[in-house]
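S.K.: Before we start, here is the structure in question, set down as structure tokens.
The values are calculated or read from the model by the stated rules, or taken from the named source; none is laboratory data. Here the structure is a predicted model, which means the values were calculated and not measured. Here the Cβ positions follow ideal geometry from the backbone for every residue, glycine too, while neighbour counts run over all protein chains shown.
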Amino acid sequence: MSLGKKLCAEFIGTFVLVFFGCGTAVVAQCSTDNYPGYILTALAFGLVIVAMAYSIGNVSGCHINPAVSIAMLVSGKMTAKDFAGYVLAQVVGAIAGAGVLKAVLGANAGALGTNGLYNGSAGASFIIEIILTFVFVIAILGVTSKPEFGSVAGLVIGLSLTLVHILGIAFTGTSVNPARSLGPALFVGGDALACVWVFILAPLVGGALAAVVYKTLSAE
């Protein structure tokens, strides 16, 4: 498969993730005071992964997340050139998804599903995001490690993302994805943009750490 087709698939997948995931957070009024909206948002992010995994997974691997791509880079499963291209496509897809969502929702866009610091603490939020991303990415590495898991990989990955959202939304809104956080933050600005560095760096650290740990655990 050509790199161009892979990047196109990554753009589409990340667009869909932001549009449906963040869009659900807005229309379902996701908050800890509204548990139906909270759970719907967690499910939306997970179901997007399931849908995309079984549609573009055979084209690009359906990373749609720089934290997943950096794990693949550290694991030696992709080149630095492909990594750079994937991240660019993911970021552009997320920005496009947030832009279209903003245009569709207009004055009702609100915070656009942006992430926020837990109790105003960048340090606590950084640690939380590392842990959430680590769990999500190590699940991906495990379920994609053997061909016989291929038929259920998309479902497992989607449910894993749902799992980390069920806990993480109450703390940071759950990023585990630098592109997903950056796209909406660019349109919301203010505090969301000021703290977005946490939700860019922490998932990258968590993804790389997951790759190192999984490689160590699975070594003969």
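S.K.: Given the conditions (1) in a helix (DSSP H, G or I); (2) touching a residue at least 12 places away in the same chain (Cβ under 8 Å), and given that residue 149 satisfies all but one, which numbered condition is not satisfied?
M.R.: Looking at each condition in turn, residue 149 falls short on (2).
S.K.: Among the residues of segment 81-115, write down those that are in a helix (DSSP H, G or I) and among the β-branched types (Val, Ile, Thr).
M.R.: Correct list: 87, 91, 92, 95, 100, 104.
S.K.: Out of 52, 78, report the one residue that is without any contact (Cβ under 8 Å) to a residue 12 or more places away in the chain, crowded, with 19+ Cβ neighbours inside 10 Å and either in a loop (DSSP other than H, G, I, E, B) or not polar (S, T, N, Q) (or both).
M.R.: Matching residue, one of 52, 78: 78.
S.K.: Here's something else I'd like to know. Just to be sure before I move on: is residue 154 assigned to a helix (DSSP H, G or I), buried (at least 23 other Cβ atoms within 10 Å of the Cβ) and not hydrophobic (A, V, I, L, M, F, W, C) in the structure I sent?
M.R.: Taking the combined requirement at face value, the residue does not satisfy it.
S.K.: Can you pull out every residue in segment 170-192 that is surrounded by fewer than 21 Cβ atoms within 10 Å (Cβ to Cβ), aliphatic (A, V, I, L, M) and under 17 Å from the mean Cα position of the chain (by Cα)?
M.R.: Within segment 170-192, 170, 186 meet the criteria.
S.K.: What do you reckon, is residue 162 in contact with a His (Cβ under 8 Å, 6 or more places away or on another chain) and either modelled with pLDDT of 95 or more or closer than 23 Å to residue 37 by Cβ (or both)?
M.R.: So residue 162 fails the test.
Residues checked against (1) crowded, with 18+ Cβ neighbours inside 10 Å; (2) touching a Pro at 6+ places or on another chain (Cβ under 8 Å); (3) aliphatic (A, V, I, L, M):
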| position | (1), (2), (3) |
| --- | --- |
| 90 | yes, yes, no |
| 145 | no, no, no |
| 148 | no, no, no |
| 163 | no, no, yes |
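S.K.: Hey, can you tell me all the residues within segment 2-29 that are of a type in the set (S, T, N, Q) and either touching a Cys at 6+ places or on another chain (Cβ under 7 Å) or touching a residue at least 12 places away in the same chain (Cβ under 8 Å) (or both)?
M.R.: Answer for segment 2-29, where residues must be of a type in the set (S, T, N, Q) and either touching a Cys at 6+ places or on another chain (Cβ under 7 Å) or touching a residue at least 12 places away in the same chain (Cβ under 8 Å) (or both): 14, 24.
S.K.: While we're on this one: Inspect segment 57-64 for any residue being at pLDDT 95 or above, on the phi < 0 side of the Ramachandran plot and not in a helix (DSSP H, G or I) and give the result as yes or no.
M.R.: Checked against the condition, which is being at pLDDT 95 or above, on the phi < 0 side of the Ramachandran plot and not in a helix (DSSP H, G or I), segment 57-64 yields at least one hit.
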